[in-house]
Amino acid sequence: MMTNRDLESRVDTTDQWIVERTGIRERRIAAEGEATSDMAAEAARRALASAELDARDIDMIIVATVTPDMPLPSTAVFVQAKIGARNDCAAFDIAAACAGFCYALSIADKFVRAGAAKHVMVVGVELLSRVVDWSDRSTCVLFGDGAGAVVVSESRGDGRGILSTAIHADGSYASALRIPGGGSAEPASARTLELKRHFVEMNGREIFKVAVKNLSSASAAALTAAGVAADDLDWVVPHQANLRILEGVAERTGVPLTRFYLNLARYGNTSSASIPIALDEAVREGAIKAGQSVLFCALGGGVAWGSAVIRW
């Protein structure tokens, strides 16, 4: 665990400054030698236990991450091997940054509805501490490491399940949140390392404006598609990015912040992992109960954003 007090010794910041601007008080940092697939596999095992399924029941594994073990192969194939899934199980990664879980959930929903898969493992996982410049106050105070997972399966016909999903992107904001180095545009070199091009870069003001606007509109559209009124919504489990953003979304959508499940203060921004981590905690605590309507919404680099409404 790394608290705001720990960061005071690294950069010019204070606990008060971080809390007032973000709502974050602490974040988790992966152990030395721990890889993204290690965290993803542990989350997948816990999801299997909750679903009362065996790893060999899984037909597909989708891992949402921008911090893979390596560029090739996918992190999903490492998860496949580590949890003991079948060796003919489909496995692939998607990179939609903080919206990754919503993207992966939407894909899983389509495969199950089409009858092409019976059980799909969806994992959101990030090891952001390895791609953060710990001397950059504007980014290092925000991010944490973590993983969460769900299993998407056929509905039992009781009205519970995924009611709607939507995913979107606007590439005109691509430079607002990115890791510019390490790809074909800027291959790794001594120069890119020197210029810290392999770390997260963010224009916080741009992301804030587009986040409040697009999360609000996507949430409203998802509720309409699901046939659920904002007043009837039991919970919002949002991407845990910044408390000020979420306050703006609550104001625009008319859903009180008291109905937002928030664990941002304890974990910081874990990108694609934040929604499944929060969902798991909310269910285990008994906050989210069977039959309740829940909205997911997230926006991240790309910019990419997505939403979903489920009846738990």
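The values are calculated or read from the model by the stated rules, or taken from the named source; none is laboratory data. Not measured: the values here are computed from a predicted model. Ideal geometry is used to build each Cβ from the backbone, glycine not excepted, and the neighbour counts take in all protein chains shown. The protein model used for the area step is the full one, side chains on, heavy atoms only, and it has no ligands, DNA or RNA in it. Shrake-Rupley method; radii C 1.70, N 1.55, O 1.52, S 1.80 Å.
Remark on residue 269: its backbone amide H falls under 5 Å from those of 143, 144, a criterion applied only to residues 5 or more positions apart or on other chains, H modelled at 1.01 Å from N. How big is the gap, in Å, between the Cα center of region 15-41 and the Cα center of region 267-282? Cα centres, region 15-41 to region 267-282: 11 Å. Computed over region 2-153, relative contact order equals 30 percent, with contacts defined as Cα pairs under 8 Å that lie 6+ residues apart. Amide H to amide H, with H built 1.01 Å from N, residue 91 comes under 5 Å of 61, counting only residues 5 or more places away or on other chains.
Extension gain for residue 184 to residue 70 (0.36 nm times residue separation, less C-alpha to C-alpha distance): 39.6 nm. Taking a point 7 Å out from the Cα of residue 19 in the direction of its Cβ, the residues of region 135-163 whose backbone N falls within less than 17 Å of it are 141-142. Excluding ligands, DNA and RNA, the accessible surface per residue across the chain is 44 Å² with a 1.4 Å probe. Accessible area ranking (1.4 Å probe, heavy atoms, ligands and nucleic acids excluded), largest first, for 293, 138, 184: 184, 138, 293.
Taking P(r) over Cα pairs in 10 Å bins from 0, in percent as calculated from this structure, the corresponding entry among (1) 6, 24, 29, 22, 12, 5, 1, 0; (2) 6, 28, 37, 23, 6, 0; (3) 6, 26, 33, 25, 9, 1 is (2).
For the residues 173, 267, a 1.4 Å probe over the protein chains yields an accessible-area ranking, largest first, of 173, 267. So what is the calculated 222 nm ellipticity per residue for the chain, using -39500 (n - 2.57) for each DSSP H run with n of 4 or more, over all residues, to the nearest 500 deg cm²/dmol? Helix contribution divided over all residues of the chain: -10500 deg cm²/dmol. Placing +1 on the Cβ of every Lys and Arg and -1 on the Cβ of every Asp and Glu, with no other charges, gives the chain a dipole of roughly 360 debye about its Cα centre. The calculated Kirkwood hydrodynamic radius for region 2-153 is 16.4 Å, given to one decimal from all distinct C-alpha pairs. Solvent-accessible area of the chain (1.4 angstrom probe, protein heavy atoms only): carbon and sulfur portion equals 50 percent.
Region 289-312 and region 206-250 have Cα centres lying 8 Å from one another.
Note on surface exposure: 121, 39, 202 rank 202, 39, 121 by accessible area, highest first, 1.4 Å probe.
Across region 38-55, coupling constants 3J(HN,Hα) worked out from phi with the 6.51/-1.76/1.60 Karplus curve, θ = phi - 60°, read 5, 5, 4, 5, 5, 4, 5, 4, 5, 5, 4, 4, 5, 7, 6, 10, 9, 4 Hz, and Gly and Pro carry x. Placing R0 at 41 angstrom, the Cβ-Cβ distance between residue 290 and residue 198 gives a FRET efficiency of 0.40 after rounding to 0.05. Here is the tail figure for region 161-311: Cα pairs spaced more than 21 Å apart come to 47 percent of all pairs. Rounded to the nearest whole Hz, the Karplus-based 3J(HN,Hα) values (6.51 cos²θ - 1.76 cosθ + 1.60, θ = phi - 60°) of region 274-291 follow the sequence 5, 5, x, 5, 5, 4, 4, 5, 5, 6, 5, 6, x, 5, 8, 10, 3, x, with x at glycine and proline. In this simple spin-label model, placing a label point 7 Å from the Cα along the Cα-to-Cβ direction at both residue 31 and residue 116 gives a separation of 3.8 nm. Distances between placed amide hydrogens fall under 5 Å for residue 127 paired with 67, all partners being 5 or more residues away or on another chain. Phi angles of region 225-236 translate, via the Karplus equation with coefficients 6.51, -1.76, 1.60 and θ = phi - 60°, into HN-Hα couplings of 5, 7, x, 10, 7, 4, 5, 8, 6, 7, 9, 10 Hz per residue; Gly and Pro are given as x.
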